[in-house]
Amino acid sequence: MTDAKYDVLGIGNAIFDVLVRTDEAFLSRHGMTKGSMALIDEARAAAIYRDMGPATEMSGGSAANTIVGIASLGARAAYVGKVKDDQIGTLYAHDIRAAGVAFDTKPAPAGPATGCSYILVTGDGERTMNTYLGAAQDLTPADIDPAQIAAAKIVYLEGYLWDPKSAKEAFVKASGIAHDAGRQVALTLSDSFCVDRYRDEFLDLMRKGTVDLVFANEAELRSLYETSDFDTALKQLRADAKLGVVTRSEKGCVVASGEGVRAVPAFPVERIVDTTGAGDLFAAGFMFGLVRGAGYENAGRLGALAAAEVIQHIGARPQVSLKELARQNGLPV
């Protein structure tokens, strides 16, 4: 196996986030399911945006948030995602490169606009997402550079990629290249509604070894195994995945492997402001710990620390150096 150029390379839907604080009445008025991610068309996107209050706008996308977190921890990171050659697409590319991430995917010259997610944050910090995929759904296997994939220790894929057919094919191609190069492949299940749509396919990816590491939260895990019993679902995860990591909000996380189950506590937070990106940043910290050989306990603590940072402010990207934060908390960097 050749030396890796990147610690983690992420592939995901390149989405520009539009975040606004709102109330439950707004969600009801627009027929939204609190805490979910719904795919919307351009007309609905325009209607939601028109009714929203003053917003915070920034580059986002689940895997992209994770990869920015990886870079903030001081690791070598790359990202593959599709934007359009438009104003928001240019802003998106600048943002991710400015965060220290290699981003070489060619923008689409025509077709739908760069994707946007309209994120409603209620008073309890819960986020409800309405996503117009736009150009993100035009990611194809042709956008996968075999040399770049083979040069990453871990290739990280988001479950949301399973929505657009061509992106799904790009996902499978990347996994094959990574494994042929002796690399690891990680998958985040992304959203319980996403799991509802693709349960059998996700289980197939795990059981066939297409992915080595699976990230999920409790709701996603219960959806995956169609059970309300956490322990039953966890037992199934251990049987199906080489390594599974389940986040449990204030309860921390559990790391499930053939060796057993290890619980890691959450980091205390003063006040939850916005849970957008919590799972994304947890994955960043955990994978950073893995590539640094820090062990599951420290990997879980690094994930918990990164998640704690991001839920204490608006937006899904860290606002301080995660490397410095980890150092201050005595964690290996």
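The values are calculated or read from the model by the stated rules, or taken from the named source; none is laboratory data. The model shown is predicted, which means the values in this text are computed figures rather than measured ones. In this analysis, Cβ positions are derived from the backbone assuming ideal geometry, glycine residues included, and neighbour counts consider all displayed protein chains. Keep in mind that these areas ignore ligands, DNA and RNA; they rest on the heavy atoms of the full protein, side chains included. Shrake-Rupley method; radii C 1.70, N 1.55, O 1.52, S 1.80 Å.
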Residue-normalised value, i.e. accessible area per residue, for segment 264-310 at 1.4 Å probe, in Å², stands at 33
For segment 1-106, average projected area of the Cα convex hull in nm²:
8.5
Cα-based Rg and Dmax for segment 125-177, in Å, come out at 12.9, 41
Under 8 Å for C-alpha pairs, at least 6 residues apart: give me the relative contact order for segment 18-91, rounded to a whole percent.
33
Would you mind putting 219-231, 182-194 in packing order, based on average other-beta-carbon counts within 10 Å, highest first?
182-194, 219-231
Expected sort for 288-301, 54-67 on mean C-beta neighbours within 10 Å, highest first, is 54-67, 288-301
Per residue, what accessible area does segment 1-60 have, given a 1.4 Å probe and all protein chains present, in Å²?
50
How much of the accessible area of the chain, probe 1.4 Å, is carbon plus sulfur, in whole percent?
49
What percentages, rounded to whole numbers, describe P(r) for segment 154-213 computed over all alpha carbon pairs with 5 Å bin width beginning at zero?
4, 20, 32, 28, 12, 3, 1
Per residue, how much accessible area does segment 64-194 have with a 1.4 Å probe, in Å²?
33
At q = 0.15 Å⁻¹, base-10 log of I(q)/I(0) for segment 194-333 (Debye sum, equal scatterers on each alpha carbon)
-0.73
Largest first, what is the accessible-area ranking of Y132, Y79 with a 1.4 Å probe?
Y132, Y79
Give the long-range amide H neighbours of L243: residues separated by 5 or more places, or on another chain, with amide H under 5 Å away, using H modelled in the peptide plane at 1.01 Å from N.
V214
For segment 128-273, just the Cα atoms, rotate onto the principal axes and tell me the three extents in Å, largest first.
41, 37, 31
Using alpha carbon centers only, segment 147-210 is separated from segment 60-78 by a whole-angstrom value of 17
Helical contribution to [θ] at 222 nm, DSSP H n ≥ 4, -39,500 (n - 2.57), averaged over the chain, rounded to 500:
-12000 deg cm²/dmol
Under the 7 Å Cα-to-Cβ spin-label approximation, H94 and A25 lie apart by a distance in nanometres of 3.8
Segment 82-172: C-alpha pair distances exceeding 15 Å, %
67
For segment 203-258, convex hull of alpha carbons as volume per residue, Å³:
67
With viscosity set to 0.692 mPa s and temperature to 37 °C, compute the Stokes-Einstein D of segment 49-134, Rh being the Kirkwood radius across alpha carbon pairs; µm²/s, no decimals.
233
The distance between the Cα centres of segment 98-126 and segment 1-57, in whole Å, is 8
How big is the antiparallel share of DSSP beta bridges in the chain, given as a percent to the nearest 5?
35
State the three equivalent ellipsoid semi-axes of the chain, derived from the C-alpha gyration tensor as the square roots of 5 times its eigenvalues, in descending order and whole Å.
27, 23, 20
Mind listing the long-range amide H neighbours of A38? Cut-off is under 5 Å, sequence gap 5 or more, other chains count too, H placed in the peptide plane at 1.01 Å from N.
M129, N130, T131
